[in-house]
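Participant: This is the structure I want to talk about, given as structure tokens.
The values are calculated or read from the model by the stated rules, or taken from the named source; none is laboratory data. What you see is a predicted model; the values in this text were computed from it and never measured. Counting neighbours? That spans all protein chains shown, and the Cβs are built from the backbone with ideal geometry, glycine included.
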Amino acid sequence: MSRNRQSRSRERRGRDTRDLNWYRIDLHLHTPASADYQEPGVTLLDILRRAETRSADIIAITDHNTVEGYVSLRRGLENLTLLESLGRITQEELSQLEEYRRLLSKILVLPGVEFTATFGFHILGIFPPDTSVRKLEHTLLDLNIPEESLEKGTGVVGATTDVLNAYEILHEAGALVIPAHVNSTHGIAMQNMPFGGQTKIAFTQSPLIHALEATDLEGNSRRSTRKFFNGSKPDYPRRLHIIQGSDAHRINRNPAREKDLGVGDRMTEVHLAEPTFEALKELFESEQFNRTRPYRPSRDPYDFIRTARSEGNTFVQSFHENPPKRRGRLSPILRDVVALANENGGTIFIGLSANPKDDVTGVKDAARIASELKEDVARHVTPPITVTTDLGATGGKQIVIVTVPTGHEKPYAVAPGNIYVRQEGDTTLAMRDEIVDLVKSGLESEHSVLPLLGGESANGTEEPTEPAKRSRQRRRSQQTPEQPPAEDNQSQQTDGAVPLPRTGVEIVESTERDGVIYHSMRDLRNLKVVHNVTRDSARALWRYAITQKEQHDITANEVNWKNGRGFWKAYKPRNAGERFNLVYRDGSNSNMRVFYGVTEDGLDGEWRAVVPAKHLDS
């Protein structure tokens, strides 16, 4: 590990020891500077008072394509302060200034903007509190908002900047980049978007995004924004912080229209060392996803452990009812750490099973167990990887939570050399072909990580990041409106003309040698093929598929067909969600391809239509 990387790891370990507290944030508030504000007579002091009433700790002023609301607050304070220093302030003005000071000592107010990108997509840019007005306005001009529109506060400003370039501009300006209400109107991830999957992937997987704002943060549907972007989707491997904001265009909720929220009506709680912009940015740039949650009154706090448990063991999370009986290389928790690091990262919960019907056992002396786990990871996992351990509670019992980042030095192993991978809800030893792929992935990551972070090049010179390079090139050329993203079929995974699900496994080929049958298995999550798998050497899902194939030769009559795609049967592994065996045929009953153990995450629209509705989350 490089010296810089070791230094960053020490810093992160140091941060883990600090005391953290839950703070309430509302990063999406409008003022009368937005043309569609519903209460024109409201003052900024009214907004701050309401934020205090709702116990908000951090708020952001995010008017449509303008910073006039925030600028008005700032200039008003400057004028009152000047009058005070000159001894010319009236008693009424002094009372107003003292009220501002009192409120601003309790609430951090961040400047921001709700930018309308090309084709109407909304993006929040949240800036540090000391950002100058000149820089804020310059950023708006850089986003191609017409100068004459800077004070109008309208959501419609013509052809501005496309989504990906907007991310770059806001990122370069030092802002938090948060696509707004992504699952609803003007959101980049709204359902039934009029363009293909690759565009949606690019919009939501950009490394420049700090978080996504959603209106369904507490939704339990498998299609909720939180579950869609939890790292389990094959096409969306980057797990993202999901927050919610009020998007308030008024002080109080409209009693005649419940969707018109007021200040603080839809807040997020964040676990921070202090309520600062820097702490917020540090959190959003981390993989500690258990430190954000929707705000609820204290009488009914949001229980993210219970929510996670309802999903069972998945590609990005695992459960252990008890701490390991023996510490060291044989710990199943260390195997999970390595497997998650070799994939998309994830979370390990210790103190409860994956079955929501089981009692919560909890962890006695949880702080000691958490400390020992970190020591064991440092001692037995190679190369070094920094995990975060936290203590949580559910069902009145303490739980240890281990957060594992996706690794950049793959493959990771439990010393001396046991390499594990994740296959849906199971951790298994990696096979030879998988180890080769992990080594290749690690080499690619090693070459790409420094340029991405704006580090040193191979010859020791400082190189600008690729976004910075592209941004400078963009500014040298005259911007032209982007063409509408065309409908494409890239969201459909195929093998030639055959449409494939995105999870599960397929037996590609089987051969017999010396009385033993060897199979080539295709992992549908990444399309990689592992050869020479036997029934005895196969992991759980592969063994299931091999057993099904060896014991039963499927016929077309056993399958419910729909346009060449078929549903064979469903089954439910222990402590995991329901899975499906699906079939594809090209018109010839003798040429059928069977896909075993497909999860709901692996279904595109057409495959989903094949599965009976009773098996699907609505």
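Participant: Say whether the condition of being aliphatic (A, V, I, L, M), more than 20 Å from L44 (Cα to Cα) and in a helix (DSSP H, G or I) is met by at least one residue in segment 137-144.
Facilitator: Taking segment 137-144 as the starting set, the residues that turn out to be aliphatic (A, V, I, L, M) are 140-141, 143.
Still in the list and also more than 20 Å from L44 (Cα to Cα): 140-141, 143.
Right, trim to in a helix (DSSP H, G or I) and you get 140-141.
Yes, the conditions are met somewhere in segment 137-144.
Participant: Taking segment 255-272 only, how many residues are closer than 20 Å to I61 by Cα, touching a residue at least 60 places away in the same chain (Cβ under 8 Å) and not charged (D, E, K, R)?
Facilitator: 6
Participant: Check G245 against each of (1) touching a strand residue (DSSP E or B) at 6+ places or on another chain (Cβ under 6 Å); (2) at pLDDT below 90 and name the one condition it does not meet.
Facilitator: (2)
Participant: With F195, F203, F228 as the choices, which residue is modelled with pLDDT under 90 and buried (at least 21 other Cβ atoms within 10 Å of the Cβ)?
Facilitator: Values: F195 fails: buried (at least 21 other Cβ atoms within 10 Å of the Cβ); F203 fails: modelled with pLDDT under 90.
Matching residue, one of F195, F203, F228: F228.
Participant: Just give me the residues in segment 115-136 being assigned to a strand (DSSP E or B) and out of contact with any Asp or Glu (no Cβ under 7 Å at 6 or more places or on another chain), in sequence order. Full working, then the answer.
Facilitator: First pass over segment 115-136, keeping only residues assigned to a strand (DSSP E or B): 115-116, 122-126.
Listed by number, the residues that qualify are F115, T116, I123, G125, I126.
Participant: Okay, moving on. Does segment 93-104 contain at least one residue that is assigned by TED's automatic domain parsing to the domain that holds N183 and in contact (Cβ under 8 Å) with a residue 60 or more places away in the chain? Even if it seems obvious, please write down each step before you answer.
Facilitator: The initial filter retains those residues of segment 93-104 that are assigned by TED's automatic domain parsing to the domain that holds N183, namely 93-104.
Restricting the remaining residues to those that are in contact (Cβ under 8 Å) with a residue 60 or more places away in the chain gives none.
For segment 93-104, residues assigned by TED's automatic domain parsing to the domain that holds N183 and in contact (Cβ under 8 Å) with a residue 60 or more places away in the chain: absent.
Participant: Can we say S286 is modelled with pLDDT of 90 or more, outside any loop (DSSP other than H, G, I, E, B), hydroxyl-bearing (S, T, Y) and under 24 Å from the mean Cα position of the chain (by Cα)? Outline the logic, then answer.
Facilitator: Values: modelled with pLDDT of 90 or more: yes; outside any loop (DSSP other than H, G, I, E, B): no; hydroxyl-bearing (S, T, Y): yes; under 24 Å from the mean Cα position of the chain (by Cα): yes.
Here the answer is no, as S286 does not meet what is asked.
Participant: Does S221 satisfy being crowded, with 19+ Cβ neighbours inside 10 Å and either within 15 Å of I59 (Cα to Cα) or modelled with pLDDT under 95 (or both)?
Facilitator: Details: crowded, with 19+ Cβ neighbours inside 10 Å: no; either within 15 Å of I59 (Cα to Cα) or modelled with pLDDT under 95 (or both): yes.
Criteria not met by S221.
Participant: Need a quick list: strands (runs of 3 or more DSSP E) entirely within segment 521-618 having at least 1 residues that are among the aromatic types (F, W, Y) and surrounded by 21 or more Cβ atoms within 10 Å (Cβ to Cβ).
Facilitator: Strands (runs of 3 or more DSSP E) meeting the threshold: 579-585, 592-598.
Participant: Something else about it: Taking the residues in segment 68-116 that are of a type in the set (K, R) and farther than 30 Å from G187 by Cβ as candidates, determine which candidate is surrounded by the fewest Cβ atoms within 10 Å (Cβ to Cβ).
Facilitator: R88
Participant: Turning to a different aspect of this structure: Being touching a helix residue (DSSP H, G or I) at 6+ places or on another chain (Cβ under 6 Å), closer than 24 Å to G425 by Cβ, at pLDDT 90 or above and among the polar types (S, T, N, Q), is that true of even one residue in segment 494-513?
Facilitator: Taking every residue of segment 494-513 in turn, at least one turns out to be touching a helix residue (DSSP H, G or I) at 6+ places or on another chain (Cβ under 6 Å), closer than 24 Å to G425 by Cβ, at pLDDT 90 or above and among the polar types (S, T, N, Q).
Participant: Oh, and also: With D130, D142, D162 as the choices, which residue is surrounded by fewer than 23 Cβ atoms within 10 Å (Cβ to Cβ) and within 27 Å of the chain's Cα centre (by Cα)? Step through it out loud before you land on a result.
Facilitator: On the way: D130 fails: within 27 Å of the chain's Cα centre (by Cα); D142 fails: within 27 Å of the chain's Cα centre (by Cα).
Every option except D162 fails the conditions.
Okay, residues lined up against (1) part of a helix (DSSP H, G or I); (2) closer than 23 Å to I25 by Cβ; (3) aromatic (F, W, Y); (4) not assigned by TED's automatic domain parsing to the domain that holds S105:
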{"position": "I61", "(1), (2), (3), (4)": "no, yes, no, no"}
{"position": "V71", "(1), (2), (3), (4)": "yes, yes, no, no"}
{"position": "N79", "(1), (2), (3), (4)": "yes, no, no, no"}
{"position": "E84", "(1), (2), (3), (4)": "yes, no, no, no"}
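Participant: May I ask you to list the residues in segment 396-443 that are among the hydroxyl-bearing types (S, T, Y) and assigned by TED's automatic domain parsing to the domain that holds L373?
Facilitator: Hits for segment 396-443 are T403, T406, Y412, Y420, T427, T428.
Participant: If you scan segment 342-362, which residues turn out to be touching a Ser or Thr at 6+ places or on another chain (Cβ under 7 Å) and either surrounded by fewer than 17 Cβ atoms within 10 Å (Cβ to Cβ) or not in a loop (DSSP other than H, G, I, E, B) (or both)?
Facilitator: Listed by number, the residues that qualify are T347, I348, P356.
Participant: Picking from D26, D46, which residue would you name as being under 23 Å from E285 (Cα atoms), at pLDDT 80 or above and not in a loop (DSSP other than H, G, I, E, B)? Please lay out each step first, then the result.
Facilitator: Working: D46 fails: under 23 Å from E285 (Cα atoms).
Result of the check over D26, D46: D26.
Participant: For segment 305-338: of the residues being out of contact with any His (no Cβ under 8 Å at 6 or more places or on another chain) and of a type in the set (A, V, I, L, M, F, W, C), which is nearest to P383 (Cα to Cα)?
Facilitator: So, considering only residues that are out of contact with any His (no Cβ under 8 Å at 6 or more places or on another chain) and of a type in the set (A, V, I, L, M, F, W, C), the one nearest to P383 (Cα to Cα) is V338.
Quick grid of which residues meet (1) at pLDDT 60 or above; (2) under 30 Å from D303 (Cα atoms); (3) in contact with a Cys (Cβ under 9 Å, 6 or more places away or on another chain):
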{"residue": "T403", "(1), (2), (3)": "yes, yes, no"}
{"residue": "K410", "(1), (2), (3)": "yes, no, no"}
{"residue": "T428", "(1), (2), (3)": "yes, yes, no"}
{"residue": "I435", "(1), (2), (3)": "yes, no, no"}
{"residue": "V449", "(1), (2), (3)": "no, no, no"}
{"residue": "G460", "(1), (2), (3)": "no, no, no"}
{"residue": "E463", "(1), (2), (3)": "no, no, no"}
